[in-house]
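Every number here is computed from the coordinates shown, using simple stated rules; none is lab data. This is a predicted model, so every value here is computed, not measured. Because the Cβ atoms are built from the backbone with ideal geometry, glycine has one as well, and the counts that use them run over all protein chains shown.
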Amino acid sequence: MDFKPNKKKMIISLGAALFVYLFIAFIMRCFPLGCEWWEPREFLIIARDVPIPAFFIAYLFLSLIKKKK
């Protein structure tokens, strides 16, 4: 377990959080019933609730993985 800040882990976690945000904002939100594609208020709600937990989950996951030698 290595919880020290690392540039590589930060970048990977930010990329994962961005991917999750885009997936939920554009695909999951509109897939089942349809929606209006450009709704800034909904994007702000999703931006508040999704990327921060996704970042922390990805960072913890990367910190708990042990490197194989």
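For Lys4 and Asp49, compute 0.36 nm times the residue count separating them, minus their Cα-Cα distance, and round to one decimal in nm. Intermediate results must be reported in sequence, preceding the final value.
Working: separation 45, 0.36 × 45 = 16.20 nm, distance 2.51 nm.
So the chain would gain 13.7 nm between Lys4 and Asp49.
In the chain, the ratio of gyration radius to Kirkwood radius, Rg to Rh, stands at 1.12 when only Cα atoms are counted.
With a Cα cut-off of under 16 Å and a minimum spacing of 8 residues unless on different chains, the lysine pairs in the chain number 6. For the peptides 43-49, 19-25, residues were scored by their other Cβ atoms within 10 Å and the scores averaged per peptide; the highest-first order is 19-25, 43-49. Working note: 222 nm ellipticity from helices only, DSSP H runs with n ≥ 4, each -39,500 (n - 2.57), summed and divided by the residues of the chain, gives -18500 deg cm²/dmol to the nearest 500.
In order along the stretch 42-48, phi translates into HN-Hα couplings of 5, 5, 5, 5, 5, 5, 6 Hz, rounded to whole numbers, per the Karplus curve 6.51 cos²θ - 1.76 cosθ + 1.60 with θ = phi - 60° and x for Gly and Pro. Spin-label model, Trp38 to Phe19: label points 7 Å out along the Cα-to-beta-carbon direction sit 2.8 nm apart. Using C-alpha pairs below 8 Å separated by at least 6 residues, the relative contact order for the stretch 14-69 is 50 percent.
For helix 7-22, what angle does its Cα long axis make with the longest principal axis of the chain, in degrees from 0 to 90 and rounded to 10? Between the helix axis and the principal axis of the chain, the angle is about 20 degrees.
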